[in-house]
1. As an exercise: evaluate residue 167 against (1) closer than 24 Å to residue 60 by Cβ; (2) crowded, with 16+ Cβ neighbours inside 10 Å and give the number of the one condition it does not meet.
2. What pairs come up if the first residue lies in region 82-103 and is closer than 20 Å to residue 158 by Cα and at pLDDT 95 or above, the second is β-branched (Val, Ile, Thr) and part of a strand (DSSP E or B), and their beta carbons are under 9 Å apart, counting only those six or more places apart or on different chains?
3. Pick from region 1-49 the residues that are of a type in the set (Phe, Trp, Tyr) and more than 30 Å from residue 64 (Cβ to Cβ): which of them is modelled with the highest pLDDT?
4. Quick one: in region 106-142, of everything that is of a type in the set (A, V, I, L, M, F, W, C) and outside any strand (DSSP E or B), which residue is nearest to residue 83 (Cα to Cα)?
5. Restricting to region 149-162, what's the tally of residues that are outside any loop (DSSP other than H, G, I, E, B), touching a residue at least 40 places away in the same chain (Cβ under 8 Å) and more than 13 Å from residue 52 (Cβ to Cβ)?
6. I'd like to verify a number: residues in region 83-139 that are over 18 Å from residue 174 (Cβ atoms), surrounded by 15 or more Cβ atoms within 10 Å (Cβ to Cβ) and under 15 Å from the mean Cα position of the chain (by Cα), how many?
7. Could you grab the pairs with beta carbons closer than 6 Å, sequence gap of 6+ or different chains, first residue in region 37-53 and over 17 Å from residue 83 (Cβ atoms), second one part of a loop (DSSP other than H, G, I, E, B) and at pLDDT 95 or above?
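The values are calculated or read from the model by the stated rules, or taken from the named source; none is laboratory data. All figures in this text were calculated on a predicted structure; none of them were measured in a lab. Note that we place each Cβ from the backbone using ideal geometry, even for glycine, and neighbour counts take in every protein chain shown.
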Amino acid sequence: MNSKSYLYILILSIFLVSCGDDHLPKPKAMLRLEYPESSADRLVSEKFIFEHNATAQVKKGKNFSVTLDYPLMKGSIFITYKEVNNNLEELLRDAQKLSYEHVVKADNITEQPFINKKDSVYGMFYEVSGDAASQAQFYVTDSTRHFVTGSLYFRAKPNYDSIYPAAIYLQKDIRRIMESLRWNE
């Protein structure tokens, strides 16, 4: 090869290397989702009364069950009522079992006891983190007559990073339900 060939190869190499796209790293950021300000609405059943987020669509079912549907977040809180008939231990065991069925996919399950002696409302809130099917579970009871369980589910594949903002928003609504729940005698 002569010197002209080397010169052409060198120029061609420089040209090819210099024509590449500059790749810049994406800045670290989080998706900002803004949900409507939470305002309270009241649900009255024959067995219980509680406050919930007014943006929820309420669907009453059989045996005093209630579904609070949040179309914007593709999530629902399912609430079930059962009477206590000398079966409190069984109801507690079933509620706890339901919460811990998610341990396979969950990174962590945090238990938060709830006690309202004044209104005889006692229970447990389970916050589930990770790619579990349900991001929150709860139960409340008066220990003698009433037992209510609730579960939060999303109509989407469980991807904790994606549903985290909506899960936190709806967990606040669950806490409101627990704190405001009164037995309708």
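1. For residue 167, the exception is condition (1).
2. Pairs that qualify, where the first residue is closer than 20 Å to residue 158 by Cα and at pLDDT 95 or above and the partner is β-branched (Val, Ile, Thr) and part of a strand (DSSP E or B): there are none.
3. 8
4. The extreme case among them is 133.
5. Adding up the residues that qualify gives 5.
6. 1
7. Listed pairs, sorted by first residue: 50/181.
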